[in-house]
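Novice: Okay, here's the structure, questions in a sec.
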Amino acid sequence: MPGNVSVEPRDGMALVRIDRPPANAMDRGLLADAIAACEQLAAEEPSAVVITGREGFFSAGADLKLAPTLGAEAQAAMVDGINRMAAGWYGFPRPVVCAVNGHAIAGGMILALCGDHRVGGPAGRFGLTEVRAGIPYPAVAFAVVRAELSPPAARELVLRGELVDAPGARERGLLDEIVPQDDVLERALEVASGLAALPARTFAYVKAQLRAPVVAEAGRVIESGADPLLTESWTGGETAQAAAAVLRGPGDWRRGRG
């Protein structure tokens with residue numbers, strides 16, 4: 001596998017590790033690697049998949065140092081990459097459990113929302129901060145947010161763009177359970193093993209039924225290029241200033257502080 005993502009066999013399951021120091025921020029390379037891992041595992045058909053990050057970070061979302069510098073073509077490629085990543089993992093037919101081992105922010109939180117179960121620890125901060133960074137949501141990513149969160153939780157998280165702690169994330173549906181920090185991965189593997197024991201064909205069928213509206217919308221967006229962000233500038237003039245403010249803010253989790 002490419003350098004940002006690795007796949008490890010675990011008792012018939014697959015463990016996907018994301019590792020782009022320091023904060024697993026998403027650039028075009030990481031997105032391409034995540035998509036490639038999804039396609040590889042869809043072909044290999046492990047009994048379940050667990051996705052986790054590097055120490056302290058599940059993913060900090062889009063690389064805010066990079067995004068404001070991109071030209072129109074590169075912006076479109078980033079939007080397409082985020083849409084394809086979300087579509088692939090959200091529609092993955094096998095069980096997907098996210099071991100949210102640290103901060104999960106913006107696009108990183110959306111990746112976690114693609115899982116069938118999300119296990120977190122008390123050390124992370126969680127949220128959908130795109131509005132604070134001046135970066136609109138790609139269409140498929142936002143479809144996942146709408147599907148996975150209640151309307152009140154989505155309204156609060158999307159429009160306020162604030163981070164919450166682990167109990168707050170559990171309360172709002174960002175996480176399904178909280179365990180001691182050192183137990184996050186093992187608990188995720190345990191949940192994945194339990195899901196893997198279910199009848200595989202039936203699981204794939206009912207998961208496809210459950211997620212059909214988002215998967216269908218994702219297919220239309222990707223195949224037709226219907227996402228408005230693919231034809232318009234993703235990052236407007238306010239983005240560089242907003243992204244810089246996020247990066248230099250107090251307790252900057254993207255640099256490993258706070």
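The values are calculated or read from the model by the stated rules, or taken from the named source; none is laboratory data. Worth saying up front: this structure is predicted, and the values here are computed from it rather than measured. Note: ideal-geometry Cβ built from the backbone for every residue, glycine included; neighbour counts use all protein chains shown. Just so you know, the surface numbers come from the protein's heavy atoms only, side chains and all, with ligands and any DNA or RNA stripped out. Shrake-Rupley method; radii C 1.70, N 1.55, O 1.52, S 1.80 Å.
Novice: Suppose every Lys and Arg Cβ carries +1 and every Asp and Glu Cβ carries -1, with no other charges. What dipole size does the chain come out with about its Cα centre, to the nearest 20 debye?
Specialist: Working: 25 positive and 31 negative charges, 74 e Å.
My answer is approximately 360 debye.
Novice: Using each residue's phi in the range 106-112, evaluate 6.51 cos²θ - 1.76 cosθ + 1.60 at θ = phi - 60° and report the 3J(HN,Hα) Karplus result to the nearest Hz, with x for Gly and Pro.
Specialist: In residue order, the calculated couplings are 6, x, x, 5, 5, 4, 4 Hz.
Novice: Nearest 5 is fine: what % of DSSP beta bridges in the range 23-164 come out antiparallel, could you say?
Specialist: Of the beta bridges lying entirely in the range 23-164, close to 10 percent run antiparallel.
Novice: When the chain is fully extended, how far beyond the present Cα-Cα distance does ARG160 get from GLU73, taking 0.36 nm per residue of separation?
Specialist: Values: separation 87, 0.36 × 87 = 31.32 nm, distance 2.94 nm.
Residue separation times 0.36 nm, minus the Cα-Cα distance, leaves 28.4 nm.
Novice: Roughly how big is the range 118-244's charge dipole about its Cα centre, with Cβ charges of +1 (Lys, Arg) and -1 (Asp, Glu), in debye to the nearest 20? Can you show the working numbers first?
Specialist: On the way: 13 positive and 17 negative charges, 68 e Å.
Dipole size: approximately 320 debye.
Novice: If I stretch the segment between ALA197 and ALA43 completely, what's the gain in nm (0.36 nm per residue apart, minus their alpha carbon distance), one decimal? Mind showing how you got there, number by number?
Specialist: Working: separation 154, 0.36 × 154 = 55.44 nm, distance 1.95 nm.
Length gained between ALA197 and ALA43: 53.5 nm.
Novice: Can you work out the Karplus-derived ³J(HN,Hα) for every residue in the range 123-128? Use 6.51 cos²θ - 1.76 cosθ + 1.60 with θ = phi - 60°, whole Hz, and x for glycine or proline.
Specialist: 7, x, 10, 9, x, 10
Novice: Follow-up. Would you work out which of ALA245, PRO136, PRO228 lies farthest towards the positive end of the dipole of the chain, given +1 charges on the beta-carbon of Lys and Arg and -1 on that of Asp and Glu, about the Cα centre?
Specialist: Checked the options; the winner is ALA245.
Novice: Quickly estimate the mean residue ellipticity at 222 nm for the chain, helices only: each DSSP H run with n ≥ 4 gives -39500 (n - 2.57), and the total goes over all residues, rounded to 500. Display every interim value, and only then the final one.
Specialist: Details: 10 runs with 121 residues, N = 258.
My calculation for the chain gives -14500 deg cm²/dmol from helical runs alone.
Novice: On to the next question. Report in % the part of the accessible area of the chain that belongs to carbon and sulfur, leaving out ligands and nucleic acids; probe 1.4 Å.
Specialist: Values: 6000 of 11220 Å².
So the carbon and sulfur contribution to the accessible surface is 54 percent.
Novice: Can you give me the accessible area per residue for the range 94-136, using a 1.4 Å probe, in Å²?
Specialist: Values: 800 Å² over 43 residues.
Spelled out: the 1.4 Å probe surface of the range 94-136, per residue, equals 19 Å².
Novice: Towards the positive end of the charge dipole of the chain, with charges on Cβ (+1 Lys, Arg; -1 Asp, Glu), say which of ALA147, LEU30, ALA14 has the farthest Cα.
Specialist: Projecting each Cα onto the dipole axis, the largest value belongs to ALA147.
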